[in-house]
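Encoded as structure tokens, the structure appears first; notes follow it.
The values are calculated or read from the model by the stated rules, or taken from the named source; none is laboratory data. Predicted model, so just to flag it, every value in this text is computed and none were measured. Counting neighbours? That spans all protein chains shown, and the Cβs are built from the backbone with ideal geometry, glycine included.
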């Protein structure tokens with residue numbers, strides 16, 4: 001270890017679909033946040049830890065900054081404000097391929113009020129054919145807030161990530177490491193399993209279903225070298241349930257198979273996964289169910305009625 005060790009907290013902020021979760025996974029070198037092309041995939045604060053010989057950074061990914069309509073949306077924006085408060089560094093992540101909008105200006109204004117040093121991270125530069133376009137984009141953002149650094153990166157290819165980590169580490173205060181060097185995230189395995197299942201639901205369904213879906217783990221049993229998991233996918237309408245199940249259960253079977261594979265990779269063991277779909281009208285306005293989205297708030301909400309499901313194992 002270096003003589004002067006640095007450690008602290010850095011929050012990733014930005015508009016929906018800026019690639020924050022992909023960036024978090026790339027920075028810490030492991031899958032701690034689910035990724036989808038659907039906006040507002042991240043619903044709560046996701047922690048990932050990067051450790052080197054001379055520094056440790058606890059990165060906090062947060063929901064994309066948006067209007068926050070409804071109870072769930074408001075809770076998501078509350079988590080954003082929490083993640084901005086009292087951090088050592090704030091990273092505003094922007095999609096380098098998209099023009100700056102009024103919503104971007106509002107988001108930058110909100111993040112700049114956090115009080116910590118602020119970096120501009122221009123993501124998705126692998127999609128930008130003419131890299132000369134980055135300079136006017138940096139200048140445009142520079143008129144909105146005082147950025148200590150502007151770093152073009154690609155979370156997909158890894159371009160610019162070493163520079164970003166070095167610059168971020170230099171901003172951390174002198175402090176011993178807060179977590180063991182092999183520590184990756186504070187999220188429980190049950191929560192990660194639920195998120196892996198929700199990720200596959202987002203990938204398999206169209207526009208109507210993603211924002212209306214929640215996942216909760218009903219049971220988790222260790223049996224020798226096998227883990228038995230029963231999970232419930234909650235939707236708001238019967239039509240959404242039909243979409244998820246698909247013809248003769250084909251869609252749900254595909255979702256369950258891919259989720260089980262992700263769970264097995266995470267756990268390093270065989271998984272028997274049962275997935276059920278349940279209709280809970282207006283769950284996004286139900287405080288009990290909204291709290292269950294975040295394991296820090298309400299934990300796992302149990303129920304055993306109204307299931308229709310599909311089993312998956314290997």
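Overview of results
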| item | result |
| --- | --- |
| Flag for residue 196 being surrounded by fewer than 16 Cβ atoms within 10 Å (Cβ to Cβ) and within 27 Å of residue 266 (Cα to Cα) | no |
| Tally of residues being in contact (Cβ under 8 Å) with a residue 40 or more places away in the chain and assigned to a helix (DSSP H, G or I) across the stretch 210-256 | 14 |
| Criterion violated by residue 244 - all others in (1) over 14 Å from residue 273 (Cα atoms); (2) out of contact with any strand residue (DSSP E or B) (no Cβ under 9 Å at 6 or more places or on another chain); (3) surrounded by 19 or more Cβ atoms within 10 Å (Cβ to Cβ) satisfied | (2) |
| Test: residue 227 is modelled with pLDDT of 90 or more and within 15 Å of residue 199 (Cα to Cα) | no |
| Test: residue 151 is assigned by TED's automatic domain parsing to the domain that holds residue 33 and closer than 17 Å to residue 15 by Cβ | no |
| The lone exception for residue 131 - which of (1) touching a helix residue (DSSP H, G or I) at 6+ places or on another chain (Cβ under 8 Å); (2) crowded, with 17+ Cβ neighbours inside 10 Å; (3) without any contact (Cβ under 8 Å) to a residue 60 or more places away in the chain it fails | (2) |
| Qualifying residue in the stretch 174-184 (condition: outside the structural domain of residue 261 (by TED's automatic domain parsing) and in contact with a helix residue (DSSP H, G or I) (Cβ under 9 Å, 6 or more places away or on another chain)) | yes |
| Qualifying residue in the stretch 101-110 (condition: surrounded by 22 or more Cβ atoms within 10 Å (Cβ to Cβ) and modelled with pLDDT of 95 or more) | no |
| Residue that is modelled with the highest pLDDT, among those in the stretch 45-63 that are outside any strand (DSSP E or B) and buried (at least 23 other Cβ atoms within 10 Å of the Cβ) | 62 |
| Residue 7 being at pLDDT below 90, in contact with a strand residue (DSSP E or B) (Cβ under 7 Å, 6 or more places away or on another chain) and crowded, with 20+ Cβ neighbours inside 10 Å | no |
| Any hit, the stretch 10-25, residues being more than 20 Å from residue 122 (Cβ to Cβ), surrounded by fewer than 22 Cβ atoms within 10 Å (Cβ to Cβ) and modelled with pLDDT of 65 or more | no |
